[in-house]
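Okay, so here's the structure we're looking at.
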Amino acid sequence: MHAQFPRSITEPTAVERGAKLYANACARCHGDDTRGMTGGAPDLLRSTLVLHERRESLHGKELSPYLKSTPPHKFDYNDKQADDLSQFLSASVNKILRSGYDDHPTHLTEGDVKAGEAYFHGAGGCDKCHSTTGDLAGIGKRYSAAALQQKFLFPNSGLGKKAAITAVVKFPNGTTATGDVVRIDDFTVQLRDHTTGATKSFNRTAGMKVTTTNPYAGHEALLEKITDADIHNLTTYLDTLK
């Protein structure tokens, strides 16, 4: 659990400056409390970008280019401003960790079992990839409620072996390269060969097609829409699968 949610240190004055930036530029769409608004922008506390910034203490290194280039933002913040905004968002995440991931989370199985089952087979889309009588049979015996919750929210984080994102690069001349993604952005693709372990980098050029396969894409998409009630209900339901 400590590996999943390491202690995030923020500097109070930076958080205060970031709060002012947020209030001026972000609150009208994402809400005063960063939790999103009905019919508006999404909940930032479940944003994979915000969570990654917080986890790795990036201080705006990923947030800044995203806000510069991704509509409808176009915010050209300098490094200091991006750092302040990132620290404010990290502090906002810290505030919701009421039960404390450095200790022992509590009240995780006080949700509605029936609602959790309905979410599993309905809005959550969990049964498209998983089966309660197959891969998830007895999962409530194998993991604590806290571990269950983290496995469906952040299945490819923490300790243990990670499932790789793979990619197929098709070049204009028809040749291809495949491997596990080491790094990918708008300019380069870096892959690790499945067999040899060798790493190769390719510049992304006109006519090149890159197709990625992320085994946890569904879980990442879920973060953008799952509610606190859904999380508690689903955790409670999964815990009953003994």
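Among residues belonging to the range 72-93 that are touching a residue at least 60 places away in the same chain (Cβ under 8 Å) and aliphatic (A, V, I, L, M), point out the one that is farthest from residue 18 (Cα to Cα). Write out each step before concluding.
First, pick out the residues of the range 72-93 that are touching a residue at least 60 places away in the same chain (Cβ under 8 Å): 81, 83-91, 93.
Retained after the next criterion (residues that are aliphatic (A, V, I, L, M)): 85, 89, 91, 93.
Values: 85: 4, 89: 8, 91: 10, 93: 14 Å.
So, considering only residues that are touching a residue at least 60 places away in the same chain (Cβ under 8 Å) and aliphatic (A, V, I, L, M), the one farthest from residue 18 (Cα to Cα) is 93.
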**Item:** Residues (in contact (Cβ under 8 Å) with a residue 60 or more places away in the chain, open to solvent by less than 30 Å² (accessible area, probe 1.4 Å) and within 17 Å of residue 72 (Cβ to Cβ)) located in the range 12-42
**Value:** 22
**Complete:** Those residues of the range 107-127 that are within 19 Å of residue 241 (Cα to Cα) and either assigned to a loop (DSSP other than H, G, I, E, B) or modelled with pLDDT under 90 (or both) come to a total of 9
**Prompt:** Quick one: how many residues across the range 182-193 are within 11 Å of residue 210 (Cβ to Cβ), at pLDDT 90 or above and surrounded by 13 or more Cβ atoms within 10 Å (Cβ to Cβ)?
**Reply:** 2
**Prompt:** Would the range 126-142 turn up any residue that is surrounded by 15 or more Cβ atoms within 10 Å (Cβ to Cβ), touching a residue at least 60 places away in the same chain (Cβ under 8 Å), closer than 30 Å to residue 37 by Cα and not charged (D, E, K, R)?
**Reply:** yes
**Prompt:** Within the bounds of the range 214-226, is there any residue that is surrounded by fewer than 16 Cβ atoms within 10 Å (Cβ to Cβ), of a type in the set (Asp, Glu) and in contact (Cβ under 8 Å) with a residue 60 or more places away in the chain?
**Reply:** yes
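Kindly indicate which of 205, 196, 235 is surrounded by 11 or more Cβ atoms within 10 Å (Cβ to Cβ) and of a type in the set (Ser, Thr, Tyr). Break it down into steps so the answer makes sense when it comes.
Working: 205 fails: surrounded by 11 or more Cβ atoms within 10 Å (Cβ to Cβ); 196 fails: surrounded by 11 or more Cβ atoms within 10 Å (Cβ to Cβ).
Step by step, each of 205, 196, 235 is checked, and only 235 is surrounded by 11 or more Cβ atoms within 10 Å (Cβ to Cβ) and of a type in the set (Ser, Thr, Tyr).
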**Request:** Starting from the range 46-71, keep only residues that are open to solvent by less than 60 Å² (accessible area, probe 1.4 Å), then list their pairs with residues that are part of a loop (DSSP other than H, G, I, E, B) and basic (Lys, Arg) whose Cβ atoms are within a distance under 8 Å, requiring at least 6 positions of separation or different chains.
**Result:** 53/61; 67/74
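Before we move on, is residue 148 assigned to a strand (DSSP E or B) and touching a residue at least 24 places away in the same chain (Cβ under 8 Å)?
Numbers: assigned to a strand (DSSP E or B): no; touching a residue at least 24 places away in the same chain (Cβ under 8 Å): yes.
Against the criterion (assigned to a strand (DSSP E or B) and touching a residue at least 24 places away in the same chain (Cβ under 8 Å)), residue 148 does not qualify.
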**Asked** Is the range 73-88 home to any residue that is open to solvent by less than 60 Å² (accessible area, probe 1.4 Å), small (Gly, Ala, Ser) and at pLDDT 90 or above?
**Response** yes
**Request:** Kindly establish whether residue 51 is closer than 15 Å to residue 95 by Cβ and of a type outside the set (Val, Ile, Thr).
**Result:** yes
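The values are calculated or read from the model by the stated rules, or taken from the named source; none is laboratory data. Since this is a predicted model, take the numbers as computed values, not measurements. A quick note on method: Cβ atoms are made from the backbone with ideal geometry, for glycine too, and the neighbour counts reach across all protein chains shown. Just so you know, the surface numbers come from the protein's heavy atoms only, side chains and all, with ligands and any DNA or RNA stripped out. Shrake-Rupley method; radii C 1.70, N 1.55, O 1.52, S 1.80 Å.
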